[in-house]
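The values are calculated or read from the model by the stated rules, or taken from the named source; none is laboratory data. Keep in mind that what you see is a predicted model, and the values were worked out from it rather than measured. Neighbour counts run over all protein chains shown; Cβ positions are idealised from the backbone, glycine included. Ligands, DNA and RNA are stripped out before the accessible areas are found, and what is left, the full protein with its side chains, is counted by its heavy atoms. Shrake-Rupley method; radii C 1.70, N 1.55, O 1.52, S 1.80 Å.
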Amino acid sequence: MVVSDKHPVTLITGASSGIGSALAREFAAHGHALVLIARREPRLAQLADEIAARGRPRPHVLPLDLTRADATARIGEALAAQGLEPQFLVNNAGFGLAGAAAELDRAAQLCMIDLNIRALTDLSLAFIDSLARHQGGLLNVASVAGFLPGPGMAVYYASKAYVLSFSEALHRELSGRGVRVTVLCPGPVPTEFQARAGISMRDFPRILTRSAEQVAAEGYRGLMAGRRLVVPGLPNKLATMLVRLAPRGLVLAAMGRRNTGR
Ligand SMILES: NC(=O)c1ccc[n+]([C@@H]2O[C@H](COP(=O)([O-])OP(=O)(O)OC[C@H]3O[C@@H](n4cnc5c(N)ncnc54)[C@H](OP(=O)(O)O)[C@@H]3O)[C@@H](O)[C@H]2O)c1
């Protein structure tokens, strides 16, 4: 039973583009009241207008850099000021960087950890009581990259391995409290991700590619069904099974040759 006078909302990070925008449209279409978070306010406002124009409640927009140490506190304050609390939380914001770890900028790689790992962990832990009160859930966006080491994108792959492991463990820990925890592991999806990472969609076999909308729909369905893991698309599912069965040294060598030519 819900014992709260606050309005339940779905918080979505990284909603200003790509998979996050698609997730926002998906949750809105299912009647969720939304809080959209990212740095680019005009993009969030545009998406909020679009969702309102479809007859849904206009999402709240919260422009914020999630790598700030006080990001979670700021979100908590903004929600409290509006009488809102999370029923669902979608940790989607994230980015990658291609290149040899020894050659890429160190601060930029640590920033990736701040966003992909630190902010995601902080937000996941901060709102557990609220998610439990509303019998809601947590959708964390990892990647197929979380299943294997990624020479040529080492920190990004490692960050997604963390998200996968952390979310699976939380799925188990929180099941007794009625909180669903799902980790969404997409393969390649054409978004702004590739330009920021310095890679191209041409680097990936077409058969593995899914649209942001397909990924969002599968993620939403999986979360509502209480599934632990969602890997969108059969070819990606098979790929994750294969890398779990194959010797780790072989996988590492194949990834090294593919990503770095060595
Ligand atoms: N695209 C793929 O092939 C793929 C595959 C597997 C997993 N993923 C994962 O899917 C998630 C979404 O990626 P995407 O493909 O949709 O990429 P995207 O289009 O680049 O979107 C990334 C989102 O994260 C937000 N963001 C970045 N830095 C932020 C910061 N410091 N503070 C707050 N928000 C920040 C961006 O908004 P602002 O710039 O406005 O802040 C944007 O809304 C990521 O976690 C990514 O690792 C992507």
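Below are the figures for this structure:
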{"quantity": "Residues located in region 69-88, provided they are buried (at least 19 other Cβ atoms within 10 Å of the Cβ), within 20 Å of the chain's Cα centre (by Cα) and either more than 14 Å from the ligand (Cβ to nearest atom) or part of a loop (DSSP other than H, G, I, E, B) (or both)", "calculated": "Glu85, Pro86, Gln87, Phe88"}
{"quantity": "Residues of region 158-201 classified as within 13 Å of the ligand (Cβ to nearest atom) and not β-branched (Val, Ile, Thr), total", "calculated": "22"}
{"quantity": "Flag for Leu66 being at pLDDT 95 or above, touching a helix residue (DSSP H, G or I) at 6+ places or on another chain (Cβ under 9 Å), within 23 Å of Leu131 (Cβ to Cβ) and part of a loop (DSSP other than H, G, I, E, B)", "calculated": "yes"}
{"quantity": "Sole exception among (1) touching a residue at least 40 places away in the same chain (Cβ under 8 Å); (2) more than 17 Å from Leu11 (Cα to Cα) for Arg68, by number", "calculated": "(1)"}
{"quantity": "Flag for Asp105 being farther than 24 Å from Leu62 by Cβ and out of contact with any helix residue (DSSP H, G or I) (no Cβ under 7 Å at 6 or more places or on another chain)", "calculated": "yes"}
{"quantity": "Looking only at region 181-218, and only at residues there that are polar (S, T, N, Q) and open to solvent by less than 50 Å² (accessible area, probe 1.4 Å), the one that is farthest from the chain's Cα centre (by Cα)", "calculated": "Ser200"}
{"quantity": "Count of residues meeting criterion [over 16 Å from Thr191 (Cα atoms) and within 9 Å of the ligand (Cβ to nearest atom)] in region 13-35", "calculated": "0"}
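Residue by residue, here is whether (1) assigned to a helix (DSSP H, G or I); (2) surrounded by fewer than 22 Cβ atoms within 10 Å (Cβ to Cβ); (3) in contact with a Gly (Cβ under 9 Å, 6 or more places away or on another chain); (4) free of Cβ contacts under 8 Å to residues at least 60 places away in the same chain holds:
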| site | (1), (2), (3), (4) |
| --- | --- |
| Val9 | no, no, no, no |
| Ser21 | yes, no, yes, no |
| Ala24 | yes, no, no, yes |
| Gly31 | no, yes, no, yes |
| Val35 | no, no, no, yes |
| Leu44 | yes, no, no, yes |
| Asp49 | yes, yes, no, yes |
| Gly55 | no, yes, no, yes |
| Leu62 | no, yes, no, yes |
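Yes/no matrix, rows are residues, columns are (1) part of a helix (DSSP H, G or I); (2) closer than 20 Å to Pro232 by Cβ; (3) not aromatic (Phe, Trp, Tyr):
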{"position": "Lys160", "(1), (2), (3)": "yes, yes, yes"}
{"position": "Ser165", "(1), (2), (3)": "yes, yes, yes"}
{"position": "Gly176", "(1), (2), (3)": "yes, no, yes"}
{"position": "Pro186", "(1), (2), (3)": "no, yes, yes"}
